[in-house]
Amino acid sequence: MAGKRRYIAGGCIGLVLGAGLAWYATGRAFKDGAVRNGPWSTSLNYGVASADALTRAAVARRGLLALPKTETVYWAATRDSAGALLDGSCTYRLSGKAVDSRWWSITLYDSQGYLQANSARLWSFSGATLTAEEAQKGWQVTIAPSRPRTGHWLPSLAGQPFELTLRMYNPGAQFMTSPGTADLPRLTKESCA
Amino acid sequence: MTRWIGPLLVAIAAAVLGWYGSLALATYGLMDVAMRRVAAEGGVNVMRHGALPTAENQPIVRPSPDLVYSSCAYDLSKGPVLIKITPAPDRYSSLSIFDARTDVVFVRNDQQAGGKPYQIILARTDQAVPKGAEVVRVDYDRGIALIRLLLRRSAEIGPLDPVRRQSSCQAL
């Protein structure tokens, strides 16, 4: 009888362990992909039939209906350039040049992947926002709970962690040859409240 | 000690089962939830034209606030489905078709379409389709056809809304 109980216990523990690991791994996979570039991370295997079971489940959980890399590359950032988790109480500088794609945008989400309510009703910054000078010389966005005196702003919520998603629609051929070393926006923490 | 070898092997087998079972459940289960949500707002094989995503309007996880989405929960169990697309001029748009396990079985953007209207027929492998039609074959009865349309400013939805509503999804 005791032997039977050991088998049942082993089965239950194994099931819970396997399911728990799957839950943890799918939460990590979408924001901790195989390709890294500064604070950004991606997998180039979203939405394709050759994707493994973990990638497919991670996309279903954290980025359902994502497009394959031929159409769009999705980068995620959950940490700043120094490796610290992104904190809505802090002020960050996001800067870069025109991203090598037909169209790009950077969106701020909460840690579950949803847009956060903010009074300015601003959730993203895109290439369409750039002036001709910014497109040529570079751009800069402040991520902070309060609007900066000048320049572009992406509101965060004080006390709340957040994530960034960089979408590159129709990425350029040059970018696709080496996504890990391409020139992507830089993210620097300036101060914390 | 040897009496634990059997239970340990069972635990390992159960862990593998739990791992792969959970991944499959997440993939098919979450896609099923999405298909049901889309169908709940207009039925199956109907193109539903959604509002611009905001903090108050997020039908799926990680929506882009720069895109408006039109979606059709398709069901091929009773026959093929016809999808008609009219790209809006001078901006990114795309049609992507997802099957029940989240794979993209078809994607075409406005540039690939030459900016011109087109239509495709979605069908299972064994379903008959009209001659000459562009056909996309899928391995599952159900899935989602999704149109993404870029807005540079939210106010653009006014003039673009009549254009996107020309795109449709219907049973043949």
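Every number in this text was worked out from the coordinates using simple rules, so none of it is lab data. Since the model is a prediction, treat every value here as computed from it, not as a measurement. Cβ sites come from the backbone with ideal geometry, for glycine too, and all protein chains shown count toward neighbours.
With no other cysteine's Cβ closer than 4.7 Å, which Cys residues of chain A count as lacking a disulfide-compatible partner? Lone cysteines by the Cβ rule: A:C12. Within the same chain, lysines fewer than 8 places from A:K69 are excluded, and of the rest, those with a Cα less than 26 Å from its Cα are A:K31, A:K97, B:K84, B:K116. Whole-Hz Karplus values for the range A:115-132 come out as 5, 8, 5, 8, 5, 7, 6, 10, 10, 8, 9, 10, x, 5, 7, 6, 7, 4 Hz, taken residue by residue from phi with 6.51 cos²θ - 1.76 cosθ + 1.60 and θ = phi - 60°; glycine and proline positions read x. The Cα atoms of chain B define a convex hull whose projected area, averaged across directions, is 14.0 nm². Sparse packing (at most 13 other Cβ atoms within 10 Å of the Cβ) combined with a DSSP loop state is found for the following trypsin sites (Lys or Arg not before Pro) in the range B:64-130: B:K78.
Across the range A:1-146, the fraction of Cα-Cα pairs farther apart than 19 Å, rounded to a whole number, is 63%.
Distances longer than 24 Å among the Cα atoms of the protein assembly as shown: what percent of all pairs is that? Distances greater than 24 Å cover 61 percent of the Cα pairs.
When Rg and Dmax are taken over the Cα atoms of the range B:72-147, they come to 12.4, 38 Å. Calculated on the alpha-carbon coordinates, the convex hull of the range A:85-193 measures out at 115 cubic angstrom per residue. Within the range A:110-152, the trypsin sites (Lys or Arg not before Pro) that combine a DSSP coil assignment with at most 13 other C-beta atoms in a 10 angstrom radius are A:R121, A:R149.
Helix A:53-62 versus the longest principal axis of chain A: what angle, 0 to 90°, nearest 10, using Cα atoms? It is inclined by approximately 60 degrees. DSSP assigns beta bridges within chain A; of those with both partners inside it, close to 90 percent run antiparallel.
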